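A short write-up of the structure that comes next.
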Amino acid sequence: MRGYSNQFTRVEIESTRYENGQLLVSGRAMAGERFEDLPWHEPHGFHSRPHKGSVGHLSAPGGRREQGFVMAASDPAKVPQVGEGDAVVYDQHGNLIKLTKDGITVDYQSRTITHTSGDWTINCPTLTLNGNLEVNGNIH
């Protein structure tokens, strides 16, 4: 065996669509190579849909581009900065949930938090709410 040809390339996402529950991604590689309707790959329990202009990676097992899949796309202009060891879940609209050594921050730019079923429990030494509080129900 003489080795593998390059199996990864950077790509720019141009469009996404769902077909039979699978998210398919189309766009172009950094050298202008086009790809269409390749499966979007991500770990179990997590799902996101990259937007137009996001940059990700195309993996082609065995060097076969027609068998490729796209993963790990993000827009560098939208990625929030975090400290070493910290993590964040975010979207392109500015909403985020940040996990840091100092605690958890939830920031919804739309100023609306919607929860439709089940109870929420918050256990922490201090809870700070920045903004107005409206209660439709009892406080115990």
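The string of couplings for the stretch 92-100 from the Karplus curve (6.51, -1.76, 1.60, θ = phi - 60°) is 6, 8, x, 7, 7, 10, 10, 10, 10 Hz, one whole number per residue in order, with x for Gly and Pro. What lysines does Lys52 reach when the alpha-carbon gap must be under 25 Å and sequence neighbours fewer than 8 apart in one chain are set aside? Straight-line reach from Lys52, under 25 Å: Lys78, Lys98. When the chain is treated as a GNM with alpha-carbon contacts under 10 Å, the residue of Asn95, Asn130, Asn20 showing the greatest mean-square fluctuation is Asn130.
Accessible surface for Phe35 stands near 20 Å², nearest 10, in the context of the full protein assembly shown (1.4 Å probe). When Rg and Dmax of the Cα atoms in Å is computed from the coordinates, the matching label among (1) 20.2, 72; (2) 17.7, 56; (3) 21.7, 77 is (1).
Derived scalar couplings between HN and Hα for the stretch 123-133 equal 10, 6, x, 9, 10, 10, 10, 9, x, 7, 10 Hz in order, rounded to whole Hz, by the Karplus curve 6.51 cos²θ - 1.76 cosθ + 1.60 (θ = phi - 60°), x for Gly and Pro.
Counting 0.36 nm for each residue step from Val106 to Glu12 and taking away their Cα separation leaves a gain of 30.9 nm.
The values are calculated or read from the model by the stated rules, or taken from the named source; none is laboratory data. Note that the structure is predicted; figures quoted are calculated from it, not measured. These accessible areas exclude ligands, DNA and RNA; they are computed on the full protein's heavy atoms, side chains included. Shrake-Rupley method; radii C 1.70, N 1.55, O 1.52, S 1.80 Å.
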